[in-house]
Amino acid sequence: MFHPENDEKYKGLKVNKGVENAPIVSPYLKKRKIRTYTAAEYVEGILKGNMTMLSQAVTLVESSLESNQVIAQEVIEKCLPHAGKSIRLGITGVPGAGKSTSIDAFGMHVIRKGHKLAVLAIDPSSERSKGSILGDKTRMEDLSKEDNAFIRPSPSAGSLGGVARKTRETIVLCEAAGFDTIFVETVGVGQSETAVHSMVDFFLLIQLAGTGDELQGIKRGIMEMADGIVINKADGDNIDKAKLAASHYRNALHLFPPAESGWFPRVLTYSGYYALGIDEVWQMIENYVAFVKENGYFEKKRNQQSKYWMYESIHEELLRNFYHNKTIETLLPLVENDVLENRKSSFVASAELLETYFGKKK
Ligand code: GDP
(Lines give C-alpha, C1' and ligand atoms only; values in the text may rest on other atoms or scores of the structure.)
Protein backbone atom coordinates (compact mmCIF):
# COMPACT_ATOMS: atom_id res chain seq x y z
CA MET A 1 0.00 0.00 0.00
CA PHE A 2 1.39 3.44 -0.86
CA HIS A 3 1.82 5.84 1.95
CA PRO A 4 4.41 8.65 2.13
CA GLU A 5 5.52 7.42 5.53
CA ASN A 6 6.28 4.02 4.02
CA ASP A 7 9.11 5.64 2.10
CA GLU A 8 12.45 3.91 2.66
CA LYS A 9 13.76 6.92 4.63
CA TYR A 10 11.11 6.43 7.30
CA LYS A 11 11.97 2.77 7.78
CA GLY A 12 10.60 1.45 11.03
CA LEU A 13 7.52 3.65 10.80
CA LYS A 14 5.58 1.35 8.56
CA VAL A 15 1.89 2.23 8.47
CA ASN A 16 -0.23 -0.85 8.39
CA LYS A 17 -3.59 -1.16 6.86
CA GLY A 18 -6.20 -0.59 9.52
CA VAL A 19 -9.08 -2.86 10.27
CA GLU A 20 -12.31 -2.16 8.54
CA ASN A 21 -14.87 -0.37 10.64
CA ALA A 22 -18.26 -1.89 11.10
CA PRO A 23 -20.92 0.21 9.42
CA ILE A 24 -22.44 2.62 11.88
CA VAL A 25 -25.89 1.27 11.17
CA SER A 26 -25.80 -2.46 10.76
CA PRO A 27 -28.18 -3.61 8.03
CA TYR A 28 -28.75 -6.84 9.96
CA LEU A 29 -29.96 -5.28 13.17
CA LYS A 30 -33.46 -3.91 13.49
CA LYS A 31 -33.79 -0.67 15.39
CA ARG A 32 -34.94 -1.62 18.86
CA LYS A 33 -38.25 -0.09 19.69
CA ILE A 34 -39.43 0.26 23.25
CA ARG A 35 -42.65 -1.60 23.40
CA THR A 36 -45.61 0.36 24.57
CA TYR A 37 -48.69 -1.24 25.98
CA THR A 38 -52.38 -0.48 26.15
CA ALA A 39 -53.81 0.97 29.33
CA ALA A 40 -55.40 -2.40 30.15
CA GLU A 41 -52.03 -4.16 29.76
CA TYR A 42 -50.35 -1.66 32.05
CA VAL A 43 -53.06 -2.10 34.66
CA GLU A 44 -52.79 -5.88 34.49
CA GLY A 45 -49.00 -5.70 34.86
CA ILE A 46 -49.18 -3.24 37.73
CA LEU A 47 -51.75 -5.29 39.62
CA LYS A 48 -49.48 -8.32 39.27
CA GLY A 49 -46.67 -6.27 40.81
CA ASN A 50 -44.60 -6.17 37.63
CA MET A 51 -41.92 -3.53 38.32
CA THR A 52 -41.06 -2.91 34.67
CA MET A 53 -44.67 -2.17 33.83
CA LEU A 54 -44.94 0.03 36.90
CA SER A 55 -41.81 1.97 35.91
CA GLN A 56 -43.05 2.46 32.37
CA ALA A 57 -46.46 3.58 33.55
CA VAL A 58 -44.83 6.10 35.88
CA THR A 59 -42.87 7.40 32.92
CA LEU A 60 -46.17 7.96 31.12
CA VAL A 61 -47.56 9.77 34.15
CA GLU A 62 -44.50 12.02 34.07
CA SER A 63 -44.67 12.63 30.35
CA SER A 64 -46.12 15.87 29.11
CA LEU A 65 -47.06 14.35 25.77
CA GLU A 66 -50.82 14.48 25.28
CA SER A 67 -51.03 10.91 23.92
CA ASN A 68 -49.07 9.55 26.90
CA GLN A 69 -51.26 11.46 29.31
CA VAL A 70 -54.39 9.89 27.82
CA ILE A 71 -53.05 6.39 28.56
CA ALA A 72 -51.65 7.46 31.94
CA GLN A 73 -54.97 8.88 33.10
CA GLU A 74 -56.78 5.71 32.10
CA VAL A 75 -54.24 3.58 33.96
CA ILE A 76 -54.59 5.76 37.07
CA GLU A 77 -58.37 5.61 36.89
CA LYS A 78 -58.31 1.80 36.74
CA CYS A 79 -55.69 1.50 39.47
CA LEU A 80 -57.56 3.77 41.88
CA PRO A 81 -59.89 1.09 43.28
CA HIS A 82 -56.78 -0.92 44.20
CA ALA A 83 -54.93 2.01 45.78
CA GLY A 84 -55.07 3.67 49.18
CA LYS A 85 -54.05 0.73 51.31
CA SER A 86 -50.71 2.05 52.40
CA ILE A 87 -49.05 4.26 54.94
CA ARG A 88 -47.74 7.39 53.31
CA LEU A 89 -44.88 9.12 55.01
CA GLY A 90 -43.54 12.54 54.07
CA ILE A 91 -39.90 13.24 54.90
CA THR A 92 -38.28 16.63 54.84
CA GLY A 93 -35.12 18.28 56.07
CA VAL A 94 -32.53 20.72 54.79
CA PRO A 95 -29.83 19.37 52.46
CA GLY A 96 -27.28 17.56 54.58
CA ALA A 97 -29.77 16.72 57.33
CA GLY A 98 -29.36 13.10 56.37
CA LYS A 99 -32.52 12.36 54.42
CA SER A 100 -30.99 9.82 52.06
CA THR A 101 -29.08 8.09 54.83
CA SER A 102 -32.20 8.00 56.98
CA ILE A 103 -34.47 6.81 54.19
CA ASP A 104 -32.04 3.98 53.60
CA ALA A 105 -32.14 3.08 57.31
CA PHE A 106 -35.90 3.51 57.82
CA GLY A 107 -36.55 1.80 54.51
CA MET A 108 -34.49 -1.26 55.41
CA HIS A 109 -36.27 -1.41 58.74
CA VAL A 110 -39.63 -1.39 57.00
CA ILE A 111 -38.56 -4.01 54.49
CA ARG A 112 -37.23 -6.29 57.21
CA LYS A 113 -40.67 -6.12 58.73
CA GLY A 114 -42.00 -7.61 55.51
CA HIS A 115 -43.32 -4.49 53.81
CA LYS A 116 -42.95 -3.27 50.24
CA LEU A 117 -41.63 0.25 50.02
CA ALA A 118 -41.81 2.92 47.31
CA VAL A 119 -39.56 5.95 47.69
CA LEU A 120 -40.70 8.97 45.69
CA ALA A 121 -39.56 12.56 45.75
CA ILE A 122 -40.72 16.06 45.04
CA ASP A 123 -38.00 18.43 44.02
CA PRO A 124 -39.23 21.05 41.59
CA SER A 125 -36.14 23.20 42.10
CA SER A 126 -33.70 20.67 40.90
CA GLU A 127 -32.81 22.09 37.49
CA ARG A 128 -29.18 21.22 37.90
CA SER A 129 -29.72 17.51 37.74
CA LYS A 130 -33.06 17.50 35.98
CA GLY A 131 -34.84 16.46 39.12
CA SER A 132 -32.64 13.56 40.00
CA ILE A 133 -30.89 14.66 43.17
CA LEU A 134 -33.74 13.26 45.20
CA GLY A 135 -34.62 9.63 44.90
CA ASP A 136 -31.40 8.87 43.09
CA LYS A 137 -30.60 5.22 43.63
CA THR A 138 -26.96 5.78 44.49
CA ARG A 139 -27.96 7.73 47.54
CA MET A 140 -29.77 4.77 49.07
CA GLU A 141 -27.25 2.05 48.78
CA ASP A 142 -28.94 -0.72 50.74
CA LEU A 143 -32.45 -0.03 49.57
CA SER A 144 -31.45 0.08 45.93
CA LYS A 145 -30.47 -3.60 46.15
CA GLU A 146 -33.83 -4.63 47.56
CA ASP A 147 -36.44 -6.27 45.36
CA ASN A 148 -39.14 -4.93 47.63
CA ALA A 149 -38.09 -1.32 47.17
CA PHE A 150 -39.08 0.88 44.28
CA ILE A 151 -37.04 4.08 44.12
CA ARG A 152 -38.03 6.83 41.76
CA PRO A 153 -36.40 10.24 41.42
CA SER A 154 -38.49 13.39 41.45
CA PRO A 155 -40.38 14.10 38.24
CA SER A 156 -38.19 16.54 36.36
CA ALA A 157 -38.28 20.21 37.14
CA GLY A 158 -41.45 22.06 36.37
CA SER A 159 -44.12 23.94 38.24
CA LEU A 160 -44.47 22.71 41.80
CA GLY A 161 -48.14 21.93 41.18
CA GLY A 162 -47.27 19.84 38.15
CA VAL A 163 -44.47 17.93 39.83
CA ALA A 164 -46.57 17.30 42.94
CA ARG A 165 -49.51 16.08 40.92
CA LYS A 166 -47.32 13.56 39.10
CA THR A 167 -45.97 12.27 42.39
CA ARG A 168 -49.46 11.93 43.78
CA GLU A 169 -50.52 9.96 40.72
CA THR A 170 -47.43 7.79 41.05
CA ILE A 171 -48.47 6.96 44.61
CA VAL A 172 -51.71 5.50 43.20
CA LEU A 173 -49.81 3.27 40.78
CA CYS A 174 -47.36 2.11 43.44
CA GLU A 175 -50.14 1.24 45.84
CA ALA A 176 -51.97 -0.70 43.14
CA ALA A 177 -48.72 -2.59 42.53
CA GLY A 178 -48.75 -3.73 46.15
CA PHE A 179 -46.48 -1.21 47.83
CA ASP A 180 -47.88 -0.78 51.32
CA THR A 181 -45.44 1.87 52.50
CA ILE A 182 -44.74 5.05 50.57
CA PHE A 183 -42.05 7.57 51.40
CA VAL A 184 -42.24 10.96 49.74
CA GLU A 185 -39.08 12.94 50.23
CA THR A 186 -38.64 16.62 49.73
CA VAL A 187 -35.81 19.00 50.23
CA GLY A 188 -36.64 21.43 53.00
CA VAL A 189 -36.06 24.69 51.22
CA GLY A 190 -39.34 25.92 49.90
CA GLN A 191 -43.00 25.41 49.24
CA SER A 192 -42.59 21.77 48.37
CA GLU A 193 -43.21 20.73 51.99
CA THR A 194 -46.79 21.95 51.71
CA ALA A 195 -47.25 19.86 48.59
CA VAL A 196 -45.84 16.76 50.28
CA HIS A 197 -47.89 17.43 53.39
CA SER A 198 -51.01 17.39 51.23
CA MET A 199 -50.42 13.82 50.11
CA VAL A 200 -49.09 11.96 53.15
CA ASP A 201 -50.48 10.56 56.39
CA PHE A 202 -47.49 11.39 58.54
CA PHE A 203 -45.07 14.24 58.07
CA LEU A 204 -41.58 13.71 59.48
CA LEU A 205 -39.20 16.60 59.90
CA ILE A 206 -35.50 15.71 60.11
CA GLN A 207 -33.45 18.25 62.01
CA LEU A 208 -29.88 18.59 63.19
CA ALA A 209 -28.47 19.71 66.48
CA GLY A 210 -26.10 22.59 66.87
CA THR A 211 -26.32 24.25 63.50
CA GLY A 212 -26.53 27.68 65.08
CA ASP A 213 -30.09 28.39 64.15
CA GLU A 214 -31.37 25.91 66.71
CA LEU A 215 -34.98 25.84 65.77
CA GLN A 216 -34.83 25.51 62.03
CA GLY A 217 -38.21 25.32 60.42
CA ILE A 218 -39.99 27.37 63.01
CA LYS A 219 -39.99 30.47 60.85
CA ARG A 220 -41.22 28.84 57.74
CA GLY A 221 -44.10 27.14 59.49
CA ILE A 222 -42.78 23.68 58.74
CA MET A 223 -42.84 22.66 62.38
CA GLU A 224 -46.58 23.18 62.45
CA MET A 225 -46.98 20.60 59.73
CA ALA A 226 -44.78 18.02 61.42
CA ASP A 227 -46.32 15.02 63.18
CA GLY A 228 -42.87 14.06 64.36
CA ILE A 229 -39.55 15.85 64.62
CA VAL A 230 -36.42 13.74 64.65
CA ILE A 231 -32.92 14.95 65.41
CA ASN A 232 -30.50 13.01 63.27
CA LYS A 233 -26.81 12.28 63.84
CA ALA A 234 -27.28 11.48 67.51
CA ASP A 235 -24.06 9.49 67.59
CA GLY A 236 -20.55 9.86 69.06
CA ASP A 237 -19.89 13.29 70.54
CA ASN A 238 -23.10 14.60 69.15
CA ILE A 239 -25.48 12.65 71.40
CA ASP A 240 -25.76 15.27 74.14
CA LYS A 241 -26.19 18.10 71.66
CA ALA A 242 -28.92 16.15 69.90
CA LYS A 243 -30.73 15.55 73.19
CA LEU A 244 -30.51 19.22 74.04
CA ALA A 245 -31.88 20.19 70.63
CA ALA A 246 -34.71 17.71 71.15
CA SER A 247 -35.71 19.39 74.39
CA HIS A 248 -35.66 22.79 72.66
CA TYR A 249 -38.01 21.47 70.03
CA ARG A 250 -40.27 19.92 72.63
CA ASN A 251 -40.57 23.27 74.36
CA ALA A 252 -41.17 25.10 71.11
CA LEU A 253 -43.92 22.69 70.12
CA HIS A 254 -45.90 23.73 73.16
CA LEU A 255 -46.24 27.17 71.62
CA PHE A 256 -48.27 25.84 68.73
CA PRO A 257 -52.03 25.38 68.85
CA PRO A 258 -53.13 21.74 69.18
CA ALA A 259 -53.28 19.84 65.89
CA GLU A 260 -56.62 18.82 64.40
CA SER A 261 -55.51 15.20 64.58
CA GLY A 262 -55.51 15.31 68.37
CA TRP A 263 -51.95 14.01 68.21
CA PHE A 264 -49.18 15.85 69.96
CA PRO A 265 -46.01 15.76 67.80
CA ARG A 266 -43.17 13.74 69.28
CA VAL A 267 -39.50 14.66 69.24
CA LEU A 268 -36.90 11.89 69.09
CA THR A 269 -33.19 11.58 68.48
CA TYR A 270 -31.61 8.90 66.28
CA SER A 271 -28.69 8.16 63.99
CA GLY A 272 -29.46 7.25 60.43
CA TYR A 273 -25.86 6.44 59.66
CA TYR A 274 -25.30 4.09 62.61
CA ALA A 275 -28.91 2.90 62.54
CA LEU A 276 -29.52 3.84 66.18
CA GLY A 277 -33.02 4.60 67.39
CA ILE A 278 -34.63 3.66 64.08
CA ASP A 279 -37.05 1.29 65.75
CA GLU A 280 -38.26 4.03 68.12
CA VAL A 281 -38.89 6.42 65.26
CA TRP A 282 -40.80 3.79 63.36
CA GLN A 283 -42.75 2.89 66.46
CA MET A 284 -43.78 6.54 66.79
CA ILE A 285 -45.13 6.49 63.23
CA GLU A 286 -47.04 3.28 63.87
CA ASN A 287 -48.45 4.73 67.09
CA TYR A 288 -49.61 7.78 65.20
CA VAL A 289 -51.31 5.72 62.52
CA ALA A 290 -53.08 3.59 65.13
CA PHE A 291 -54.13 6.74 66.98
CA VAL A 292 -55.61 8.56 63.99
CA LYS A 293 -57.24 5.43 62.61
CA GLU A 294 -58.93 5.02 65.96
CA ASN A 295 -60.20 8.61 66.17
CA GLY A 296 -61.22 8.81 62.52
CA TYR A 297 -58.74 11.50 61.54
CA PHE A 298 -56.86 9.20 59.17
CA GLU A 299 -59.85 8.88 56.84
CA LYS A 300 -60.83 12.49 57.32
CA LYS A 301 -57.41 13.74 56.32
CA ARG A 302 -57.31 11.52 53.25
CA ASN A 303 -60.71 12.82 52.19
CA GLN A 304 -59.58 16.39 52.69
CA GLN A 305 -56.51 15.65 50.62
CA SER A 306 -58.63 14.22 47.79
CA LYS A 307 -60.74 17.35 47.84
CA TYR A 308 -57.62 19.51 47.82
CA TRP A 309 -56.27 17.64 44.81
CA MET A 310 -59.56 17.94 42.98
CA TYR A 311 -59.34 21.72 43.25
CA GLU A 312 -55.66 21.68 42.42
CA SER A 313 -56.42 19.75 39.23
CA ILE A 314 -59.18 22.18 38.30
CA HIS A 315 -56.89 25.16 38.82
CA GLU A 316 -54.13 23.59 36.84
CA GLU A 317 -56.37 22.54 33.97
CA LEU A 318 -58.00 25.97 33.78
CA LEU A 319 -54.62 27.66 33.64
CA ARG A 320 -53.34 25.24 31.04
CA ASN A 321 -56.44 25.70 28.93
CA PHE A 322 -56.25 29.47 29.16
CA TYR A 323 -52.58 29.77 28.26
CA HIS A 324 -52.87 27.26 25.42
CA ASN A 325 -55.87 28.98 23.87
CA LYS A 326 -54.78 30.04 20.37
CA THR A 327 -56.32 33.55 20.57
CA ILE A 328 -54.85 34.14 24.01
CA GLU A 329 -51.45 32.94 22.86
CA THR A 330 -51.40 35.61 20.13
CA LEU A 331 -52.97 38.32 22.21
CA LEU A 332 -50.97 37.85 25.40
CA PRO A 333 -47.61 39.31 24.28
CA LEU A 334 -49.36 42.32 22.72
CA VAL A 335 -51.42 43.10 25.79
CA GLU A 336 -48.41 42.48 28.01
CA ASN A 337 -46.53 45.05 26.00
CA ASP A 338 -49.37 47.55 26.43
CA VAL A 339 -49.08 47.09 30.17
CA LEU A 340 -45.29 47.42 30.14
CA GLU A 341 -45.53 50.63 28.17
CA ASN A 342 -48.26 52.03 30.39
CA ARG A 343 -50.88 52.06 27.69
CA LYS A 344 -53.17 49.87 29.75
CA SER A 345 -53.53 49.12 33.42
CA SER A 346 -52.89 45.54 34.48
CA PHE A 347 -56.52 45.19 35.57
CA VAL A 348 -57.97 46.39 32.28
CA ALA A 349 -55.52 44.15 30.44
CA SER A 350 -56.43 41.02 32.40
CA ALA A 351 -60.14 41.78 32.12
CA GLU A 352 -59.78 42.16 28.38
CA LEU A 353 -57.94 38.86 28.04
CA LEU A 354 -60.40 37.00 30.21
CA GLU A 355 -63.35 38.43 28.30
CA THR A 356 -61.79 37.31 25.06
CA TYR A 357 -61.20 33.86 26.53
CA PHE A 358 -64.64 33.38 27.99
CA GLY A 359 -66.26 35.03 24.94
CA LYS A 360 -64.64 32.38 22.81
CA LYS A 361 -65.86 29.66 25.12
CA LYS A 362 -69.52 30.69 24.99
P1 GDP B 1 -29.46 14.69 52.66
O2 GDP B 1 -28.83 15.79 51.86
O3 GDP B 1 -30.45 15.24 53.63
O4 GDP B 1 -30.01 13.58 51.82
O5 GDP B 1 -28.28 14.09 53.57
P6 GDP B 1 -27.37 12.79 53.41
O7 GDP B 1 -28.11 11.57 53.77
O8 GDP B 1 -26.73 12.82 52.06
O9 GDP B 1 -26.30 13.05 54.54
C10 GDP B 1 -25.45 14.18 54.57
C11 GDP B 1 -24.15 13.84 55.29
O12 GDP B 1 -24.41 13.54 56.63
C13 GDP B 1 -23.46 12.63 54.70
O14 GDP B 1 -22.09 12.87 54.71
C15 GDP B 1 -23.80 11.52 55.68
O16 GDP B 1 -22.84 10.52 55.72
C17 GDP B 1 -23.90 12.25 56.98
N18 GDP B 1 -24.86 11.59 57.90
C19 GDP B 1 -26.12 11.20 57.59
N20 GDP B 1 -26.71 10.61 58.65
C21 GDP B 1 -25.78 10.64 59.64
C22 GDP B 1 -25.80 10.17 61.00
O23 GDP B 1 -26.75 9.59 61.50
N24 GDP B 1 -24.67 10.39 61.72
C25 GDP B 1 -23.59 11.01 61.22
N26 GDP B 1 -22.55 11.19 62.02
N27 GDP B 1 -23.53 11.45 59.96
C28 GDP B 1 -24.61 11.26 59.17
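Annotations
- Pair list, Cβ under 6 Å, 6 or more apart: region 86-112 residue among the acidic types (Asp, Glu), other residue open to solvent by 20 Å² or more (accessible area, probe 1.4 Å): Asp104/Asp142
- Within region 245-271, being open to solvent by less than 20 Å² (accessible area, probe 1.4 Å), within 14 Å of the ligand (Cβ to nearest atom) and either at pLDDT below 90 or closer than 27 Å to Lys293 by Cβ (or both) holds for one residue alone: Tyr270.
- Criterion (within 16 Å of the ligand (Cβ to nearest atom), open to solvent by less than 50 Å² (accessible area, probe 1.4 Å) and modelled with pLDDT of 90 or more) met by exactly one of Ile76, Ile91: Ile91
- Residues that are under 11 Å from the mean Cα position of the chain (by Cα) and either within 13 Å of the ligand (Cβ to nearest atom) or modelled with pLDDT under 80 (or both), drawn from region 111-125: Val119, Ala121, Asp123, Pro124
- Only residues that are open to solvent by less than 60 Å² (accessible area, probe 1.4 Å) and either touching a residue at least 24 places away in the same chain (Cβ under 8 Å) or within 23 Å of the chain's Cα centre (by Cα) (or both) were counted across region 272-305, and they come to 15.
- Residue in region 34-48 that is at pLDDT below 70 and of a type outside the set (Ser, Thr, Tyr) present: yes
- Answer residue from region 227-244, given it is aliphatic (A, V, I, L, M) and within 16 Å of the ligand (Cβ to nearest atom) and is farthest from the chain's Cα centre (by Cα) among those: Ile239
- Close pairs from region 315-342: first at negative phi, partner in a loop (DSSP other than H, G, I, E, B) and open to solvent by 100 Å² or more (accessible area, probe 1.4 Å), Cβ under 9 Å, at least 6 apart: Asn337/Arg343
- Residue identified as part of a helix (DSSP H, G or I) and in contact with a helix residue (DSSP H, G or I) (Cβ under 7 Å, 6 or more places away or on another chain) among Val339, Val267: Val339
- Checked against (1) modelled with pLDDT of 75 or more; (2) part of a loop (DSSP other than H, G, I, E, B), Gly158 passes all but a single condition, namely (1).
The values are calculated or read from the model by the stated rules, or taken from the named source; none is laboratory data. Computed from a predicted model, the values in this text were never measured in an experiment. Counting neighbours? That spans all protein chains shown, and the Cβs are built from the backbone with ideal geometry, glycine included. Surface areas here come from the heavy atoms of the whole protein model, side chains and all, with no ligands, DNA or RNA. Shrake-Rupley method; radii C 1.70, N 1.55, O 1.52, S 1.80 Å.
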